[in-house]
1. Could you state the angle between the C-alpha long axis of helix 98-110 and the longest principal axis of the C-alpha atoms of the chain, as a value from 0 to 90 degrees rounded to the nearest 10?
2. Restricting to bridges with both residues inside the chain, how much of the DSSP beta-bridge set is antiparallel, in percent to the nearest 5?
3. Name all residues of the stretch 26-47 having a backbone nitrogen under 11 Å from the label point set 7 Å from the Cα of Lys56 along its Cα→Cβ direction, giving them as ranges.
4. What net charge do the residues around Val201 carry, taking every other residue with its C-beta under 11 Å from that of Val201, with Lys and Arg at +1 and Asp and Glu at -1?
5. Please enumerate, by chain and number, the lysines with C-alpha under 17 Å from the C-alpha of Lys132, excluding those fewer than 8 residues away in the same chain.
6. Please state the charge dipole magnitude for the chain, taken about the Cα centre, from unit charges on C-beta atoms (+1 on K and R, -1 on D and E), reported in debye and rounded to the nearest 20.
7. So what are the three principal axis dimensions of the stretch 121-264 from its Cα atoms, in whole Å, longest to shortest?
8. For the ranges 348-356, 2-10, what's the packing order if you count other beta-carbon atoms within 10 Å of each residue, average per peptide, and put the highest first?
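The values are calculated or read from the model by the stated rules, or taken from the named source; none is laboratory data. Fair warning: this is a prediction, and the values are worked out from it, not measured in the lab. Cβ coordinates were reconstructed from backbone atoms using ideal geometry, including for glycine residues, and neighbour counts include every protein chain displayed. Ligands, DNA and RNA are excluded from the accessible area calculation, which covers all protein heavy atoms including side chains. Shrake-Rupley method; radii C 1.70, N 1.55, O 1.52, S 1.80 Å.
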Amino acid sequence: MKIVIIGTGYVGLVTGVCFAAVGNEVVCVDNNISKVKQLQEGIPTIYERGLDHFLKKNVFEKRISFTENLGEVVDSADLIFIAVGTPSKGESGETDLSYVLSVTEDIARTINHDAYVVIKSTAPVGTADKMKEKFHSVIKDLGKEDLNIFVSSNPEFLKEGTAIEDFMHPDRIVIGTDDAESKNRLSELYKIFEEDSGVPVVYTDVASAQLIKYASNAFNACKISFINSLTRYCDTVGADISDVAKGMGLDKRIGRAFLNAGIGYGGSCFPKDVASLKYEISKKTKNDTTGILSGIEDINYKAWHWIVELVESLISQNKVPAKPNVTILGLAFKPDTDDVRYSPAVNIITELSNICNIKTYDQIAMKNAEIALHKKEDEEISPNFDNITYCNYLNDAVTDADIVILCTEWDEFKCILADDIVSLMRGDIFIDGRNALDQKEMSMFFDYYCVGKPHIYKN
Ligand code: UDX
């Protein structure tokens, strides 16, 4: 099939490359010309495992191409996917649909037949109606009233770092349509997944499809916050959160996934989707059921803020100097990505840089973190840039540290040699924000703090 994908971010690019790989003719559109040029060369604009090879192969074999000119390609598309950003507008959680609506306007201006549009981006229920309104007002002005737009929803469930694998082997495919032709086209496109690997396809209406995406993300965020809600209690009563999660997870109704305690979730989806769902429910319904969503957010804040409070308490107990040297290992919101959006590490550095000297190291996400920290300059609590040093090597980062804090469980950190690290440090405190290291081994060399387990002090 001929597929046009608008937006070449994480979702659009991965979707485009994967649709091409299974035999479709794909054109990706982006208004960022330098991005388009880079992609035309087969060079990825994001870090995503396996993308490099996949992109080059499909560009070379001419199954995927890139352009900034939407008008050139929409007319030949069987389906037009929208994969542009749907960020939060601000504190309220309301979703900013300006990019989706601006793309809809561009489609209306340039298309000369009915448009079969699919929303891939995560967008709240009601977005399709707004797109139809925009489309019809533009075509009316242009005297093309006989044209129509059909809007479907086909949410993505891609995890950064394993996005290609998730796309090729999904748990399920969700297709939300309110018209028969869109349903035919989408089921034709996904037939190969259904037939080859027996992936279940959920056919539903547009509103339900959109809500499936929000509900799935909020529920996974809820699992993380639920386990994180027990961590301080575990510390206090001498229980081990990993064993609690293991025991809970063996109940088939619960499952073990997303029960890893730590310093909380970040990323481009969970924070904004929980906030958006909360906003939409409280706006549209009289019976306010958003308490559970507020609870998820509150616990997620407490999950990373615990690190700040722990460092403050180490200072006040004189366990470290009054302005300690603190090393932050890992800046990405999770391993195998360069994404730092809503990363707990960035929040922790912002607060701690006002009371500590910070050295930080992340092999992939450091540039993005530096940009993200500078964006926080005007916030109520802003970073003290004079106290932040970015290190290119792990050993430089830990040298002279009083406290080392692991924020992202990169493989590189999982195999650090505790005695090597401690020999470079001034102090001997290690805070493992992801329970990524071996408690017994670490406590031979460090006062080792991890999440939801009794703290072990070096003998
Ligand atoms: C998520 C959804 O999983 C995906 O379906 C959706 O399309 C986009 O959002 P992603 O943001 O890439 O994907 O990351 P994910 O692997 O889901 O992790 C999200 C966050 O939760 C990370 O910060 C991770 O560290 C944290 N997490 C995850 C935990 O703290 N504990 C866990 O047990 C699992």
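1. Once rounded, one gets 20 degrees.
2. Values: 3 of 48 bridges.
About 5 percent, rounded to the nearest 5.
3. So the set is 42-44.
4. Values: positive: Arg172, Lys183, Lys191; negative: Glu194, Glu195.
For residues surrounding Val201, the net value is +1.
5. Partners found: Lys120, Lys140, Lys144.
6. Working: 48 positive and 69 negative charges, 127 e Å.
Using only the charged Cβ atoms, the result is roughly 600 debye.
7. 72, 36, 25
8. On the way: 348-356: 21.7, 2-10: 23.2.
Peptide ranking by packing, descending: 2-10, 348-356.
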